Amino acid sequence: MDEPDASRQQRNGPAADTRMHGVFTDADTGRLTYALSLSDSCLAVQRINPPSSPPSSSSEHLDLRDCLGSRAHRGEREDQGAYLCAYFYPYRRRWMSSSPVRQRDERRFRLVLNTEDNNDDDEEEEEEEDVNLREAERWARAIRNNTARSTGNTHGVLFSEVGRPCGVMVLVNPQSGRGQAMALYNGHVQRMLTEADIPHTLVITERPNHARDLVRNADLTQWDALVILSGDGLLFEVVNGLMERQDWEKAIQTPLGILPGGSGNALAASLHYYTRASPVCGEDLLTSCGFQLCKGQTSALDLISIRLSSGARLFSFLSLAWGFVADVDIESEQFRQIGDLRFLLGTLVRLASLRVYQGKLAFLPAENQPETHSGENQLLDHLLVPLDQPVPQDWTVVEEREFVLVLAMFQSHLSEDLTAAPDARSDDGTMHLLYVTAGISRAALLRLFRAMQSGTHLDLGCPHLVYRRARALRLEPLSPAGVMTVDGERVEYGPVQAQVHRGVARLIAT
Ligand SMILES: Nc1ncnc2c1ncn2[C@@H]1O[C@H](COP(=O)(O)OP(=O)(O)OP(=O)(O)O)[C@@H](O)[C@H]1O
């Protein structure tokens with residue numbers, strides 16, 4: 001966990017495990033002098049005052065767990081010095097803001113090992129430059145190495161000093177959200193990947209299903225990870241494109257990264273929530289997810305196999321919705337220009353004309369089925385029986401037939417600001433099933449959604465809200481028309497079944 005910790009910023013005295021010492025000046029004016037000490041866990045920066053002033057008593061300790069990378073470069077033209085840059089993203093409080101957020105903190109220092117006498121000899125000048133640059137590079141390398149080590153658990157780390165070229169494909173949907181994904185790429189993402197020294201290739205999607213077709217046919221040996229800068233819809237395409245391949249078993253092991261560029265950004269918000277840091281949104285969420293991405297730790301991701309009545313099979317990582325939530329998601333598309341406020345507006349509009357949906361719901365309670373493995377590597381939906389047969393005996397059949405909403409969550413967040421399933425984790429092998437039965441008042445439903453912003457809706461004791469953990473479900477709408485969504489994308493309306501497959505995919509997340 002990356003909880004902010006003020007003691008990580010300021011401490012006195014050198015660390016016991018100091019590996020390197022050096023004297024640098026500030027990169028901008030060269031007037032301030034700093035003693036730098038690098039230990040396994042931090043870079044200590046101590047200002048050295050001129051002899052006439054009192055000595056500095058404290059030094060700043062920059063935690064390497066907050067560091068993305070470091071590099072060295074030559075000075076420009078006449079400048080014989082070399083420069084050391086290190087990129088930190090510590091948690092800091094903003095002015096007037098109560099909770100700390102990760103913020104970029106670039107540190108630049110100038111290094112001159114030799115006296116800077118005006119040297120007329122060109123060869124000697126060059127030599128001096130080389131000596132400075134080599135020393136700055138030695139520092140940059142040591143910072144990078146210690147940073148990689150300080151990540152702690154090296155299991156599942158994608159990008160480190162592995163000494164082999166690794167490449168990331170960054171898929172950007174320029175239409176997602178308010179159409180700002182390219183600006184986010186140019187303004188933030190590209191810089192973070194460069195700072196972390198991660199080779200990357202930008203692919204701008206041109207149409208719906210472009211990403212799906214691309215990953216279905218891509219030579220995946222060329223890529224160490226597929227990163228999606230968009231909403232959840234583009235990742236849904238990528239997951240399903242990978243699962244449509246002949247070699248899906250291997251393909252789905254390609255690490256997937258998500259950066260919030262859409263309007264809902266539910267998976268990105270969930271990943272941030274799993275770090276247990278304070279909630280953030282917008283560009284702060286992008287920085288948090290970008291930081292996790294560049295650190296390159298991977299974890300398992302459940303996929304939920306969804307069987308539609310036509311026989312089509314989809315794979316979901318986020319949610320299955322019917323009723324109120326699905327209606328709001330699809331109907332609020334028209335308000336896309338206002339970003340995530342579209343969901344609030346959509347909720348108010350739908351509340352005004354609250355509908356009840358007839359249907360049958362049944363599920364396999366998680367406690368009845370401790371494990372979800374099919375026993376084979378073929379991802380068989382062994383918990384499901386054909387739709388024309390009754391559900392197995394150990395399933396729970398919900399008595400009610402009138403619902404306001406049915407929502408199966410596979411991650412904690414429904415959108416950036418709705419924590420629908422606070423206990424969910426990306427690889428818990430569980431569907432977090434919520435349904436609201438008919439009879440709830442508009443005011444009570446609004447209260448539920450307001451409480452969902454802080455993930456406290458289950459504590460309200462609302463008699464119309466039911467929450468169950470499940471491994472599989474069956475939903476049969478009886479209302480003739482309606483909207484059903486999987487991961488926020490509209491799918492064919494009709495009877496549907498679903499089963500969790502635990503940890504089938506890999507996600508870049510701490
Ligand atoms: N270039 C493109 N032009 C139009 N649509 C695209 C393009 N690229 C991808 N799409 C489609 O856009 C749809 C929405 O994308 P996505 O979900 O990523 O963004 P969003 O809807 O803004 O975000 P969120 O799902 O978080 O609300 C997806 O179904 C995807 O297939």
Compute the helix-to-body angle for 122-150: its Cα long axis versus the longest principal axis of the chain, expressed 0 to 90° and rounded to tens.
40 degrees
State the percent of C-alpha pairs, over all pairs in the stretch 168-301, separated by a distance greater than 23 angstrom.
27 percent
Using Cα atoms only, what is the angle between the long axis of helix 282-295 and the major principal axis of the chain, expressed in degrees (0 to 90) to the nearest 10?
70 degrees
Angle in degrees between helix 232-243 and the longest Cα principal axis of the chain, rounded to the nearest 10
80 degrees
Under the rule rounded for a/c under 1.5, else prolate if a/b exceeds b/c, else oblate, using alpha carbon gyration tensor axes a ≥ b ≥ c, the stretch 291-355 is classed as oblate
I need the trypsin sites (Lys or Arg not before Pro) found in the stretch 251-321, filtered to DSSP loop residues with at most 10 other beta carbons within 10 Å of theirs.
Arg276
Provide the per-residue ³J(HN,Hα) series for the stretch 63-72, in order, calculated from phi with Karplus coefficients 6.51, -1.76, 1.60 and θ = phi - 60°, each as a whole number of Hz, with x at glycine and proline positions.
6, 5, 5, 8, 8, 9, x, 7, 8, 10
Gyration tensor verdict on the stretch 353-510 (Cα atoms; rounded if a/c is under 1.5, prolate if a/b is larger than b/c, oblate otherwise)
oblate
Under-5 Å amide H pairs with Gln297, H placed in peptide plane, nonlocal only
Leu158, Ala509
If R0 is 45 Å, what FRET efficiency do you get for Arg355 and Glu206 from their C-beta distance, rounded to 0.05?
0.80
For the chain, how big is Rg over Rh, using alpha carbon atoms and the Kirkwood form of Rh?
1.06
Spelling it out for Asp427: with amide H atoms placed in the peptide plane at 1.01 Å from N, the residues 5 or more places away or on another chain with amide H under 5 Å from its amide H are Asp302
For Gln80, list long-range residues whose amide hydrogen, built 1.01 Å from N in the peptide plane, is under 5 Å from its own amide hydrogen.
none
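When DSSP assigns beta bridges and you keep just the ones with both residues in the chain, what percent turn out antiparallel, to the nearest 5? Spell out each step's value before the answer.
Numbers: 90 of 106 bridges.
Around 85 percent of the beta bridges assigned by DSSP in the chain are antiparallel ones.
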The chain - percent relative contact order, Cα under 8 Å, separation 6 or more:
14 percent
Shape call for the stretch 280-328 from the C-alpha gyration tensor, a ≥ b ≥ c root eigenvalues: rounded (a/c under 1.5), prolate (a/b greater than b/c) or oblate?
oblate
Phi-derived 3J(HN,Hα) across the stretch 303-310 with the Karplus relation (6.51, -1.76, 1.60, θ = phi - 60°), rounded Hz, x for Gly and Pro, is 10, 10, 7, 10, 9, 8, 5, 6
For the stretch 436-441, Karplus couplings with θ = phi - 60° (6.51, -1.76, 1.60), whole Hz, Gly/Pro x
10, 8, 4, x, 6, 7
So what is the relative contact order for the stretch 304-502, in percent, with contacts set as C-alpha pairs under 8 Å and at least six apart?
34 percent
Which FRET efficiency, nearest 0.05, do Glu476 and Gln334 yield, Cβ-Cβ r, R0 35 Å?
0.75
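A short reminder: the numbers here are calculations on the coordinates, not readings from a lab. Keep in mind it's a predicted model, so treat the numbers as computed, not measured. Here Cβ is always computed from backbone atoms with ideal geometry, including for glycine, and neighbour counts include all displayed protein chains.
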